[in-house]
Amino acid sequence: MRRILVKGAGVAGLTVAHELAARGASVTVAEIRSQIGGNASWLAGGMLAPWCERESAEEAVVTFGNVAADWWERALPGLVTRAGTLVVAHTRDAFELARFAARTRNYECVDEKAVAALEPDLAGRFHQGLFFGGEAHLDPRRALEALAGKLRAMGVVFLFETGEVGLSGFDQVIDCTGIARADDDLRGMRGEMLILHTRDVSLARPVRLMHPRHPIYIVPRADHHFMVGATMIESDHDGPITARSLMELLNAAYALHPAFGEAEIVETGVGVRPAYPHNLPRVKRWKDGTITINGLYRHGFLLSPAMAEQATSLVFNSSADQGA
């Protein structure tokens, strides 16, 4: 039985641990934090939206992201919501909606009546939109905790608050530590988000609001909580959210629905997401034999399943380096 060490308990580390354990490997997950959470994965939106992401990403994101919703549903039945994605814009920003449509596919153009049917609380606010019915979403925090629980039941060992000392004697090491990994090709992409709570708004699915300066997405969570994200700043600074970003996110949420102006700000967060040139992830074997999964950029939950399968294939088949 292969003894494999996975470094990092974010979405990349947990998904590859799942694939390895399912193939019969003895897996240990080492994490420098004291528990699951607190990393960039914890702050993610959880959108499994390959078609929408194609607007600003390469075709590979669609190719590899198409398997994500099915993978998560198989791994964690009941945690995936398949309600699609709604993209809207105010009349003055209709050109942004047209630009988005030109760069994507697999959507249905919807009018004001259809927008209201999909999201009754947005009735009368938007005259047109795009509905990506084949997309899905999940709550990243519930998914990470549930996946960690399943891994324990599969025999995976978790070591928290670990350094390098004592992490020897494994047949294979897979590094999923993201921006902390020494890799000259990586750059940090700072993403800021907030969570709002209001009972005056209900949404059934992620809604993206197109805007020429600060487009946002709002993802519904349990008990009328909403994740609002996310900025995209070329920086590896992980300090608190800036006043400008907070104002932009709040203003955009208010533009989607005025009731967000009275919402409680439950949480703000900043995550530094690792990105390679062209913003596509890589599965790579290094000279010392270590395999890395890195560069997931803003597509952690969307692309981790495909990258985990590639890394698992590399472990068991010793094939060439891969990537998206």
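The values are calculated or read from the model by the stated rules, or taken from the named source; none is laboratory data. Here the structure is a predicted model, which is why all the values come from computation and not from measurement. Quick reminder, even Gly has a Cβ in these numbers, built from the backbone with ideal geometry, and neighbours come from all protein chains shown. SASA here: full protein model, heavy atoms, side chains in, ligands and nucleic acids out. Shrake-Rupley method; radii C 1.70, N 1.55, O 1.52, S 1.80 Å.
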- Note on the structure: Inside the range 6-49, the number of residues satisfying the requirement of being farther than 17 Å from Gly229 by Cα and either in a loop (DSSP other than H, G, I, E, B) or of a type outside the set (Ser, Thr, Tyr) (or both) is 29
- Just for the range 108-121: of the residues that are surrounded by fewer than 18 Cβ atoms within 10 Å (Cβ to Cβ) and of a type in the set (Asp, Glu), which one is nearest to Thr15 (Cα to Cα)? Glu108
- Qualifying residue in the range 314-324 (condition: more than 22 Å from Arg141 (Cβ to Cβ), open to solvent by 30 Å² or more (accessible area, probe 1.4 Å) and among the aliphatic types (A, V, I, L, M)): yes
- From the list Asp139, Asp93, which one is surrounded by fewer than 22 Cβ atoms within 10 Å (Cβ to Cβ) and more than 23 Å from Leu302 (Cβ to Cβ)? Asp93
- Note on the range 24-42: residues over 20 Å from Glu73 (Cβ atoms) and either of a type in the set (Gly, Ala, Ser) or open to solvent by 30 Å² or more (accessible area, probe 1.4 Å) (or both) are Gly24, Ala25, Ser26, Ala30, Ile32, Arg33, Ser34, Gln35, Gly37, Gly38, Ala40, Trp42
- Message: Please determine whether any residue of the range 266-273 is in contact (Cβ under 8 Å) with a residue 24 or more places away in the chain, in contact with a helix residue (DSSP H, G or I) (Cβ under 9 Å, 6 or more places away or on another chain), open to solvent by 60 Å² or more (accessible area, probe 1.4 Å) and of a type in the set (A, V, I, L, M).
- Response: no
- Message: Checking the condition in contact (Cβ under 8 Å) with a residue 40 or more places away in the chain, basic (Lys, Arg) and touching a strand residue (DSSP E or B) at 6+ places or on another chain (Cβ under 9 Å), which residue from Arg23, Arg33 passes?
- Response: Arg33
- Message: Restricting to the range 120-149, count the residues that are more than 26 Å from the chain's Cα centre (by Cα) and in a strand (DSSP E or B).
- Response: 1
- Query: Looking at the range 279-301, is at least one residue of a type outside the set (Asp, Glu), part of a helix (DSSP H, G or I) and farther than 21 Å from His137 by Cβ?
  - Reply: no
- Residue ID - farthest from the chain's Cα centre (by Cα), chosen from residues in the range 150-169 that are modelled with pLDDT of 95 or more and part of a loop (DSSP other than H, G, I, E, B): Gly155
- Note on the structure: Given the conditions (1) open to solvent by less than 20 Å² (accessible area, probe 1.4 Å); (2) free of Cβ contacts under 8 Å to residues at least 40 places away in the same chain; (3) closer than 29 Å to Asp185 by Cα, every one holds for Lys287 apart from (1)
- Reported set for the range 291-313 where residues are touching a Ser or Thr at 6+ places or on another chain (Cβ under 7 Å) and open to solvent by 10 Å² or more (accessible area, probe 1.4 Å) is Leu296, Gly300, Ser313
- Note on the structure: Screening Gly133, Gly124, Gly129 for residues that are in contact (Cβ under 8 Å) with a residue 24 or more places away in the chain and either open to solvent by 40 Å² or more (accessible area, probe 1.4 Å) or under 30 Å from Pro277 (Cβ atoms) (or both) leaves only Gly133
- Task: Return the total of residues in the range 219-264 being under 19 Å from the mean Cα position of the chain (by Cα) and of a type in the set (Asp, Glu).
- Result: 3
